[in-house]
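Heads up, the thing below is written out as structure tokens.
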Ligand code: AP5
Ligand code: MG
């Protein structure tokens, strides 16, 4: 199995690039944000609980998202690999993910972060808010809150993977195709590296 994490602040392009990566490399896309929005659309109890947090720009409790990821991994047991987008967002989630993957005799190959300055992020999200229907995009105060939560709770996840020597950052400003090219080069190098290790 080949598992990747696409990391970065709200609006950095994780969702946009994930769609292209999963298509090119045949991975399953696991976006906790998308999964939570589907629960809200389906009006499930989990969705109703999550909406309260998401509308305020706060994180949904760890146990809720870890449970969702666990059942998705089970559902796609035969997958070639997973691309995690918007997860893990806390160190507790990263530790839980490592445990789940170890049980499945696999691990994270690489974490790639998209580096984008905050003013560009705010502009992208406000623009998307005009059409996306996402309640957390229309209000600049909620967008700023999401950045504050990212700095406090999610940035430490980068150090967690730096310690494992799995973390890389690339420029997240440029055209979608330029960024996808840079991501593809990194991913192809990692796949080649894994193949050479397993051939030994
Ligand atoms: P989530 O859905 O993960 O949202 P997010 O992290 O805030 O990030 P976005 O989806 O807004 O941005 P993105 O990086 O995917 O960028 P995108 O490609 O869309 O989370 C939402 C909420 O759910 C959280 O606040 C939390 O409450 C909850 N949640 C989710 N996961 C959780 C977890 N693990 N734990 C706890 N709670 C969780 O691009 C953004 C815009 O920019 C788009 O309009 C796009 O077209 C545009 N764009 C993309 N690339 C470029 C480019 N190169 N140049 C110009 N524009 C671009
Ligand atoms: Mg997204």
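Every number here is computed from the coordinates shown, using simple stated rules; none is lab data. Owing to the predicted nature of the structure, the values given are computational and were not obtained by experimental measurement. All Cβ positions, even for glycine, are placed from backbone atoms using ideal geometry, and neighbour counts span all protein chains on display.
Quick notes on this structure:
- Derived from the Cα gyration tensor, the three semi-axes of the equivalent ellipsoid of the stretch 84-130 are 31, 11, 9 Å, largest first.
- Fewest-first ordering of 69, 5 by other beta carbons within 10 Å of each residue's beta carbon gives 69, 5.
- Compactness of the stretch 37-86, taken as the C-alpha radius of gyration over 2.2 N^0.38 Å, stands at 1.26.
- Rg/Rg_ref, the chain, where Rg_ref = 2.2 N^0.38 Å and atoms are Cα: 1.00
- Gyration tensor verdict on the stretch 143-199 (Cα atoms; rounded if a/c is under 1.5, prolate if a/b is larger than b/c, oblate otherwise): oblate
- Among beta bridges from DSSP that stay inside the chain, the antiparallel ones total about 0%.
- Label point distance in nm, residue 130-residue 169, each placed 7 Å from Cα along Cα→Cβ: 3.1
- Pair-distance profile P(r), taking every C-alpha pair of the stretch 86-161, with 5 angstrom steps and integer %: 3, 13, 20, 19, 15, 12, 10, 6, 1
- Normalised by 2.2 N^0.38 Å, with N the number of residues, the alpha-carbon radius of gyration of the stretch 1-41 equals 1.22.
- For the chain, the 222 nm mean residue ellipticity estimated from helices alone, with every DSSP H stretch of n ≥ 4 adding -39500 (n - 2.57) and the total spread over all residues, rounds to -18500 deg cm²/dmol.
- The fewest-to-most ranking of 90, 175, 185 by surrounding Cβ atoms within 10 Å reads 175, 185, 90.
- Gain on full stretching of the segment that runs from residue 176 to residue 100 - 0.36 nm per residue minus C-alpha separation: 24.2 nm
- Span from the the stretch 1-68 Cα centroid across to the the stretch 155-200 one, whole angstrom: 20
- Extents of the stretch 17-123, taken as max minus min of Cα coordinates on every principal axis and listed largest first, are 37, 35, 26 Å.
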